[in-house]
Amino acid sequence: TGERFSKCPECGKSFSDSSNFTKHQRRHQRGKPCECPDCGKSFAHCSNIIPHQRTHVGKRAGDLAT
């Protein structure tokens, strides 16, 4: 009892030690420099944004191919 858990909002991993949680958060910030301009999701490799952006097709006017 009395244990506190910090849960990572990016991946859901839980930590009982706040310093380990802080180190873990840095991995997300440092390791994903490529960001989707539509939703802000970050990727470690910019080539992964192209297939991801296909999930946005049809969610905005003008994205549908004729």
Give me the pairs, please: first residue somewhere in region 10-36 and under 29 Å from PRO51 (Cβ atoms) and without any contact (Cβ under 8 Å) to a residue 40 or more places away in the chain, second residue anywhere and open to solvent by less than 100 Å² (accessible area, probe 1.4 Å) and in a helix (DSSP H, G or I), beta-carbon distance under 7 Å, and either six or more positions apart or on two chains. GLU10/HIS28; LYS13/HIS24; CYS34/CYS46; CYS34/ILE49; CYS36/ILE49; CYS36/HIS52; CYS36/GLN53
In region 35-45, how many residues are open to solvent by 80 Å² or more (accessible area, probe 1.4 Å) and not in a strand (DSSP E or B)? 3
The lone condition THR1 fails out of (1) part of a loop (DSSP other than H, G, I, E, B); (2) modelled with pLDDT of 80 or more is (2)
Single unsatisfied condition, ALA61 versus (1) modelled with pLDDT of 80 or more; (2) open to solvent by 100 Å² or more (accessible area, probe 1.4 Å); (3) among the small types (Gly, Ala, Ser): (1)
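For region 18-34, name all the residues that are surrounded by 12 or more Cβ atoms within 10 Å (Cβ to Cβ) and modelled with pLDDT of 85 or more.
ASN20, PHE21
Could you count how many residues in region 49-58 are open to solvent by 70 Å² or more (accessible area, probe 1.4 Å) and under 17 Å from CYS11 (Cβ atoms)? Give the derivation first.
Pass one, region 49-58, residues open to solvent by 70 Å² or more (accessible area, probe 1.4 Å): 50, 54-55, 57.
From the residues that got through so far, the ones that are under 17 Å from CYS11 (Cβ atoms) too are none.
Residues in region 49-58 being open to solvent by 70 Å² or more (accessible area, probe 1.4 Å) and under 17 Å from CYS11 (Cβ atoms): 0 in total.
The values are calculated or read from the model by the stated rules, or taken from the named source; none is laboratory data. In this text, all values refer to a predicted model and were calculated from it rather than measured experimentally. Ideal geometry is used to build each Cβ from the backbone, glycine not excepted, and the neighbour counts take in all protein chains shown. Side chains included, ligands, DNA and RNA excluded: accessible areas come from the protein's heavy atoms. Shrake-Rupley method; radii C 1.70, N 1.55, O 1.52, S 1.80 Å.
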